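This report concerns only the one structure given below.
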Amino acid sequence: MQSCEISSDSTDDPLSSGLRTHRQPRIVVIGAGLAGLAATKVLLKHGFTDVTVLEASDHVGGRVLSLQHGKTTLELGATWIHGANGNPVYHLAEENGLLEHSPAEEGSVGRISVYTNNGVAHYQTNAGKRIPKDLVEEFSDLYNEVYELTQEFFQNGKPVCAESQNSVGVFTRDVVRKRIMLDPDDTESTKKLKLSMLQQYLKLESCESSSPSMDEVSLSEFGEWTEIPGAHYIIPGGFMKIVDLQAQDIPSHTICLSKPVRCIHWNYSTQNQELIARGSSTRRDNDHNENNHGCRSQEDPLILGHPICVECEDEEWITADHVIVTASLGVLKESHEAMFSPSLPEDKVLAIEKLGISTTDKIFLEYEEPFWSPECNSIQFVWEDEAQLEHLVYPEELWYKKICTFEVLKPPERYGSMLSGWICGQEALYMERCDDETVAEICTELLRQFTGNPDIPKPRRIMRSSWGSNPYIRGSYSFTRVGSSGGDFERLAMPLPYANSTKAPPLQVLFAGEATHRKYYSTTHGALLSGQREATRLIEMYQDLHRAQTTKPNM
């Protein structure tokens, strides 16, 4: 019985085993998020016709998920285009008339207000009192000064002192607290308020980083993440419009939805023959291809020299020359051992383990009419009893204390009376386990407590994201955890087998997705660029091969 074997001893030529034939190379893209769609679009544009996209869920888009709500669109996932100059997502949106400029001034501390737009942030304490605006501004200036210091360790190569534990959170809390306590002009009560605001800022910062806590974010690497110059933009019609633009030139039969992958068998050796024979037999006995959105039955892999078999959860085995894996870092952390055979190299496994990913969720609350004043753009929760705490980790029953803010969605002409709350870390997972009624009740009690208004009604509708418990996502986006570095993103991106494996067919398994981009991790433009990068690797390899064949002298 034939198998998917490509013997590594057959030749010293890495482009043998069928890659020199005139057939089209077969490419499988795993994941139909922005990275997978971008890779597919580039490959098709450059004449590759045998491309199949396998998407585990029942829709394209990955971590882009726009929810149509009446006349407006709510973003459960990606929301903002971060910067314009050279940002491919911005240029796509701009060229297709999708943009709306953020009213926030460029250079404003957008990360602290999650890019809330015009208006005033209301900082409310758990005693139901609003913190004076001038005190908030005074603290904000101090925090921003220290934030700039956190950037300098990477950007200026400053050594990290042991006391900081190489942690953005530990360093920031230490420096800000010292400056607050040394201020001779503040009363003790003012100092306590500022210390409490520090905790709220760090909670919001961790939502931005999609980390459980800023204590887990590497201080020495924090400044490597690169912000593209220019303002921030939203897409009123929904970020899914960007996904649609990426997908529009991809034939529908190319994308197989509801097609989870169980294992990628790459770099075949004889030990796989029995396994693949069994899979081939199963496929003949129970052909799942008739109703699988265009996936087709595949030939015996050895006949055409395919070095890879992709084993799907529906028992179908799909052969390929190349696989582009765009699974999230969360899925790789959870499943890489079962997902790759043979196992990933040790350095790649270490990169997966060292890099961080956590969950940032949104909670949308819709009301009949606003209970907030017209100038209010957000309600920030400041717990005065947390002023001196070191680690803001809560037991499951207190998960709600990690909700740091409720933004007012503006303009009201578009959104009506709607708030958008933010929560991250393990507490977001606790929230995901609750039903809508429980979350609505808890949020109502929080808003009543912090605003001092006992008459705030329950919302008429609640909508929320659940990125952590989504089995095909397992988190929102990546960050450089303490102990990791930018080099880990690059190690994660390196194709398999490594170049020094000269006897194996090259570029069998390629990796894309936001967690494979060293400077733009955690962003949609990072995801898009990574997909284009991996497609370009394949294009350039075949161009080089073609040139080598056409210039070979006749013997």
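The values are calculated or read from the model by the stated rules, or taken from the named source; none is laboratory data. Note that the coordinates shown come from a computational prediction; the quantities given were computed from them, not determined experimentally. Every residue, glycine among them, receives a Cβ derived from its backbone with ideal geometry; neighbour counts consider all protein chains shown. Note: areas computed on protein heavy atoms with side chains; ligands, DNA, RNA excluded. Shrake-Rupley method; radii C 1.70, N 1.55, O 1.52, S 1.80 Å.
Annotations
- The range 77-95 residues that are open to solvent by 10 Å² or more (accessible area, probe 1.4 Å) and outside any loop (DSSP other than H, G, I, E, B), paired with ones that are at pLDDT below 95 and of a type in the set (V, I, T) (beta carbon under 7 Å, 6 or more apart): H82/I228; Y90/I81
- Long-range neighbours under 8 Å by Cβ, at least six apart or interchain, first residue in contact (Cβ under 8 Å) with a residue 60 or more places away in the chain and over 14 Å from Q532 (Cβ atoms) within the range 38-52, second among the aliphatic types (A, V, I, L, M) and open to solvent by 10 Å² or more (accessible area, probe 1.4 Å): V51/L44
The rows are residues; the columns are (1) within 26 Å of D50 (Cα to Cα); (2) open to solvent by 10 Å² or more (accessible area, probe 1.4 Å).
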| site | (1), (2) |
| --- | --- |
| D488 | no, no |
| L496 | yes, no |
| N500 | no, yes |
| L510 | yes, no |
| G513 | yes, no |
| L529 | yes, yes |
| Q532 | yes, yes |
| R537 | yes, yes |
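- Selection status of P229, more than 25 Å from G86 (Cβ to Cβ), outside any helix (DSSP H, G or I), open to solvent by 40 Å² or more (accessible area, probe 1.4 Å) and at pLDDT below 95: no
- Criterion (closer than 21 Å to V64 by Cα and modelled with pLDDT of 95 or more) met by exactly one of G452, G486, G531: G531
- Looking at the range 396-465, the helices (runs of 4 or more DSSP H) lying wholly inside it that each contain 3 or more residues that are open to solvent by 10 Å² or more (accessible area, probe 1.4 Å) and more than 18 Å from E368 (Cβ to Cβ) sit at 426-433, 436-451.
- Among the candidates R296, R262, R284, residue that is assigned to a strand (DSSP E or B), of a type in the set (D, E, K, R) and either within 22 Å of H59 (Cβ to Cβ) or modelled with pLDDT under 50 (or both): R262
- Search result, residues across the range 370-395 that are more than 24 Å from D455 (Cα to Cα) and either among the basic types (K, R) or open to solvent by 30 Å² or more (accessible area, probe 1.4 Å) (or both): D385, Q388, L389, E390, H391, V393, P395
- If the condition is being more than 13 Å from S218 (Cα to Cα), in a helix (DSSP H, G or I) and open to solvent by 30 Å² or more (accessible area, probe 1.4 Å), then the range 145-161 contributes E145, Y147, E148, L149, Q155.
- Within the range 67-76, being out of contact with any strand residue (DSSP E or B) (no Cβ under 8 Å at 6 or more places or on another chain) and part of a loop (DSSP other than H, G, I, E, B) holds for G70, K71.
- Any strands (runs of 3 or more DSSP E) falling wholly within the range 314-375 and containing at least 1 residues that are in contact with a Leu (Cβ under 7 Å, 6 or more places away or on another chain) and of a type outside the set (S, T, Y): 322-325, 356-358, 360-367
- Scope the range 319-357; condition closer than 20 Å to W467 by Cα and open to solvent by less than 10 Å² (accessible area, probe 1.4 Å); matching residues: V325, S328, L329, G330, L332, I352, L355, G356
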